[in-house]
Amino acid sequence: MTKFQAPKGVSEYFPPRSNHFEYIRNTIIESAKTSGYELMELPVFEDTELFARGVGESTDVVRKEMYTFEDRGGRSITLRPEGTAGVMRATIEHNLDRGQLPVKVFYSGAFFRAERPQAGRYRQFYQVGIEAIGLSDPLIDVEVIAVADRAFRQLGLKNYRLEITSLGDAITRANYLSQLRAYIATLDFDEETKARAEINPLRLFDDKRPEIRSVLATAPILMDYLTPESAADFDAVKNSLEALNINFVVNNRMVRGLDYYTGTAFEFVHEGLGAQSGIGGGGRYDGLMAQLGGASLSGIGFGLGVDRILLACEAEGLSMPEGSELDLFIVPLGTAPAALAIAEELRERGLRVGMSYGDRALKGGMKAADKSGARYSIVLGADELASGEVALKAMKSGESQSVTLSLLANHLIGLTADFGDHS
Ligand code: HAM
């Protein structure tokens with residue numbers, strides 16, 4: 001029979017590497033929670049129109065990367081290529097925008113873009129994102145950036161940099177876009193490129209073709225058109241990042257891949273990843289909520305790419321905890337039902353316990369204990385059951401001590417408390 005394979009270009013994780021993936025995802029989520037962000041759990045598919053309007057018709061994401069299909073009711077459905085549009089939809093639909101502001105949420109899950117697969121670029125990938133909705137204070141921009149930066153530092157990452165820019169307010173962009181359009185009108189592009197520039201001239205800066213890059217090298221730069229208010233906000237962001245010792249470089253040619261950005265925009269770039277170096281990105285999107293039919297509220301957030309952060313941690317050789325390490329492994333010798341009952345009792349107390357099944361001989365059972373990576377093991381034969389005493393063996397040192405079964409849980413909790421995993 002032919003073997004099934006995963007669809008092309010998806011990322012998937014299984015032990016032991018899935019432990020590292022989980023650790024990274026949890027570190028980011030904990031950092032978000034530390035700053036007061038709460039879970040928002042949303043569908044992975046939405047009305048296609050939400051992304052067309054929210055993410056923008058001129059973007060590569062909407063033009064060629066969406067997984068769009070018709071459902072059984074004839075509706076056009078799209079697998080979410082990003083998280084912000086869905087968060088806006090839910091915020092408007094459930095009237096969160098009329099409650100306490102800011103709305104601060106995080107999300108974590110799979111996203112889908114039909115890109116050409118390569119190292120670090122997948123068709124199904126994972127993000128942890130946060131969104132802060134309803135505040136236009138530059139300090140919240142810094143809070144959002146700090147959530148990501150703290151997570152990266154906690155993971156031990158070093159070789160990354162934060163790039164920031166400002167896309168200004170509506171007046172900035174109107175002034176700038178008219179200058180940019182005038183400049184582009186002097187250039188001779190093919191029809192498709194012209195059509196793209198027509199919808200959003202900023203998209204041309206995304207173009208990888210050298211001939212386009214070279215003519216755009218002398219194009220006007222948005223940063224030169226910031227209104228005094230936008231410039232003051234951007235200065236406040238920079239000053240506050242400096243005060244928090246968060247290093248950054250200003251990149252006045254940054255182009256984010258999604259159309260909704262206004263004001264502060266940023267990307268985290270890792271040096272050890274080759275072409276797909278963006279480990280996260282985000283920014284302010286002050287017109288998005290109104291554009292999707294909601295109140296005219298501002299917002300800012302980020303999406304961090306968990307797959308790429310894992311690659312970055314591996315590139316830096318960082319050690320990551322194996323989340324599944326067992327506290328105890330039980331080797332039953334003809335006592336399997338009693339051993340399972342003891343295992344369950346210990347598990348109720350929060351201990352991680354494995355055991356061998358299938359009535360193995362002592363040698364096979366000890367091999368299984370070794371392989372399990374457990375910190376301690378016991379052999380449970382009829383004698384041990386009768387006396388209520390077991391020899392608790394520390395697997396690393398090989399040393400054993402006698403412990404009564406009734407005190408085994410307390411004893412193990414005492415021993416493992418040093419590792420900080422039983423609160
Ligand atoms: P984005 O820059 O499109 O922003 O994606 C954020 C991160 O997701 C990227 O920096 C990258 O690490 C990861 N990523 C994107 N595409 C792929 C892929 N094909 N394979 C692997 N990783 C990928 C957003 O999605 C915005 N929603 C972020 C945001 C939230 N802005 C404001 N709020």
Return the FRET efficiency for the residue pair F205, L340: r is the Cβ-Cβ distance, R0 is 56 Å, and the value is rounded to the nearest 0.05. 0.35
In 20 Å bins starting at zero, report the fraction of Cα pairs in the chain per bin as a rounded %. 22, 45, 23, 9, 1
For the chain, find the longest principal axis of its Cα atoms and tell me its angle to the long axis of helix 306-315, 0 to 90°, nearest 10. 70 degrees
Inter-site label distance for K363 and S178 at 7 Å from Cα along Cβ, in nm: 8.8 nm
In order over region 367-379: 3J(HN,Hα) from phi, Karplus 6.51/-1.76/1.60, θ = phi - 60°, whole Hz, x for each Gly or Pro, gives 4, 5, 4, 4, 4, 5, x, 5, 7, 10, 9, 9, 9
Label point distance in nm, M1-D71, each placed 7 Å from Cα along Cα→Cβ: 3.2 nm
Taking Cα atoms, the helix 228-243 axis meets the longest principal axis of the chain at an angle in degrees (rounded to 10) of 30 degrees
Where the centroid of each part is defined by its Cα atoms, how far is region 157-191 from region 16-37 in Å? 34 Å
Where does the Debye-calculated log10 I(q)/I(0) of region 166-280 sit at q = 0.22 Å⁻¹, using only Cα point scatterers of equal weight, no solvent? -1.34
Taking R0 as 60 Å and r as the Cβ-Cβ distance between V249 and A391, the FRET efficiency 1/(1 + (r/R0)^6), rounded to the nearest 0.05, comes to 0.50
Once the piece of chain linking E348 and R17 is laid out straight, how much longer is it, given 0.36 nm per residue of separation minus the C-alpha distance between them? 116.5 nm
Which angle from 0 to 90°, rounded to the nearest 10, does the C-alpha axis of helix 84-93 make with the longest principal axis of the chain? 90 degrees
Could you tell me the relative contact order of region 328-419? Use alpha-carbon pairs under 8 Å, at least six residues apart, and round to a whole percent. 29 percent
Is any residue of region 151-184 close enough, with backbone N under 13 Å, to a label point placed 7 angstrom from the Cα of S296 along the Cα-Cβ axis, and if so, which? 170-171
For the chain, what relative contact order do you get, as a whole percent, if you take Cα pairs closer than 8 Å and at least 6 residues apart? 17 percent
Gap in Å between the Cα centre of region 357-371 and the Cα centre of region 279-319? 47 Å
FRET efficiency estimate (nearest 0.05) - Cβ-Cβ, E325 to D60, R0 35 angstrom: 0.25
The chain - charge dipole about Cα centre, Lys and Arg +1 at Cβ, Asp and Glu -1, debye rounded to 20: 940 debye
Please list, by residue number, everything in region 332-376 whose backbone N is under 15 Å from a paramagnetic label point 7 Å out along Cα→Cβ of S400. 332-333, 362-367, 369-370, 376
Under the 7 Å Cα-to-Cβ spin-label approximation, D47 and L139 lie apart by a distance in nanometres of 3.7 nm
Full extension between R98 and Q154 adds, at 0.36 nm per residue less the Cα distance, a length in nm of 16.6 nm
Sorted by Cβ neighbour density within 10 Å, fewest at the top, the residues M40, M366: M366, M40
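Taken together, the values in this text are just the output of simple stated rules run on the coordinates, not laboratory data. All values reported here derive from a predicted model rather than from experimental measurement. Positions of Cβ are generated from backbone atoms using ideal geometry, with glycine treated the same way; all protein chains shown enter the neighbour counts.
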